[in-house]
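So the structure is just underneath, and the comments pick up after that.
The values are calculated or read from the model by the stated rules, or taken from the named source; none is laboratory data. Note that this is a predicted model, so its numbers are computed, not measured. Quick reminder, even Gly has a Cβ in these numbers, built from the backbone with ideal geometry, and neighbours come from all protein chains shown.
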Amino acid sequence: DTAVSQTPKYLVTQMGNDKSIKCEQNLGHDTMYWYKQDSKKFLKIMFSYNNKELIINETVPNRFSPKSPDKAHLNLHINSLELGDSAVYFCASSQYRGSSYNEQFFGPGTRLTVL
Amino acid sequence: AQSVTQPDIHITVSEGASLELRCNYSYGATPYLFWYVQSPGQGLQLLLKYFSGDTLVQGIKGFEAEFKRSQSSFNLRKPSVHWSDAAEYFCAVGEGGGFKTIFGAGTRLFVKA
């Protein structure tokens, strides 16, 4: 039973295209995240959502638009893809507990290659 | 803003040898600290975390970490490394009121037979 799943696992596309990555968690968590991992393995948060509301937006270009239809899903839509968008994108989830920090559960990642 | 530094980009140890991965953080108050492991082609998995209390914390897979406030460090240790421990290790600190985690650049562990 996969806790955090992402589709697709691999995505190869041309510059200028629009693409989406889907994320679902079955852990009953109320907080979800998107991270970008570059070729040097550096992991940077992009967005965090709590109860479907955007909490953190780390100065991500507005070509990236996350959407959370419910607490179990956080999808990432990317418009006008650029070469620099090539990376591995990870979805994660956790249960918010006030100002404390709980373990995040990560999906397997989506490797996006922009040609 | 908080930051996390992992000084070693990669480390190679022999199987059965001990391991210590270094992590330094910058934060004014008591930080929320984590170590995650990423096996090749996988997502991250939590090894252990420190919020308060005992400064030596035990994690999964035989790992432990020690929080040293005076040194702003949270080093990860394992007494005897197994070949399956070869992976990327990330130190992280919580920020943003529970909604944001800052990750270090990672340390790649190689294990030689």
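Points worth noting:
- If you go through the stretch A:51-66 and keep only what is in a loop (DSSP other than H, G, I, E, B) and more than 16 Å from residue A:28 (Cα to Cα), you end up with A:58, A:59, A:60, A:61, A:62, A:63.
- Scope the stretch A:25-38; condition of a type in the set (S, T, N, Q) and part of a loop (DSSP other than H, G, I, E, B); matching residues: A:26
- The residues listed here are A:41, A:52; of these, the one that is free of Cβ contacts under 8 Å to residues at least 40 places away in the same chain, of a type in the set (D, E, K, R) and in contact with a Pro (Cβ under 8 Å, 6 or more places away or on another chain) is A:52.
- Among the residues of the stretch A:79-115, those that are acidic (Asp, Glu) and part of a loop (DSSP other than H, G, I, E, B) comprise A:82, A:103.
- Residue match in the stretch B:50-64 (condition: within 9 Å of another protein chain (Cβ to nearest Cβ), surrounded by 14 or more Cβ atoms within 10 Å (Cβ to Cβ) and under 13 Å from the mean Cα position of the chain (by Cα)): no
Yes or no, residue by residue, for (1) in a strand (DSSP E or B); (2) in contact with a Ser or Thr (Cβ under 6 Å, 6 or more places away or on another chain); (3) buried (at least 19 other Cβ atoms within 10 Å of the Cβ):
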position: A:40; (1), (2), (3): no, no, no
position: A:44; (1), (2), (3): yes, no, no
position: A:49; (1), (2), (3): yes, yes, yes
position: A:68; (1), (2), (3): yes, no, no
position: A:77; (1), (2), (3): yes, yes, no
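- Test result for residue A:20, of a type outside the set (D, E, K, R), farther than 19 Å from residue B:88 by Cβ, in contact with a Leu (Cβ under 9 Å, 6 or more places away or on another chain) and part of a strand (DSSP E or B): yes
- Sole residue being at positive phi and more than 14 Å from chain A (Cβ to nearest Cβ), chosen from B:72, B:18: B:72
- Filtered by the rule that a residue be outside any loop (DSSP other than H, G, I, E, B), more than 13 Å from the chain's Cα centre (by Cα) and surrounded by 14 or more Cβ atoms within 10 Å (Cβ to Cβ), the stretch B:12-21 gives a lone residue, B:13.
- The stretch B:78-112: number of residues that are within 8 Å of chain A (Cβ to nearest Cβ), in contact (Cβ under 8 Å) with a residue 60 or more places away in the chain and not small (Gly, Ala, Ser): 5
- Yes/no for residue B:25 being within 14 Å of chain A (Cβ to nearest Cβ), touching a Pro at 6+ places or on another chain (Cβ under 7 Å) and surrounded by 12 or more Cβ atoms within 10 Å (Cβ to Cβ): yes
- Residue selected from the stretch A:1-38 under the condition over 16 Å from the mean Cα position of the chain (by Cα) and closer than 14 Å to residue A:111 by Cβ, by the criterion surrounded by the fewest Cβ atoms within 10 Å (Cβ to Cβ): A:12
- Of the candidates A:14, A:25, A:95, the single residue that is more than 9 Å from every other protein chain (Cβ to nearest Cβ), within 27 Å of residue B:52 (Cα to Cα) and not basic (Lys, Arg) is A:95.
- Residue match in the stretch B:27-41 (condition: modelled with pLDDT of 95 or more, in contact with a Ser or Thr (Cβ under 8 Å, 6 or more places away or on another chain) and part of a loop (DSSP other than H, G, I, E, B)): no
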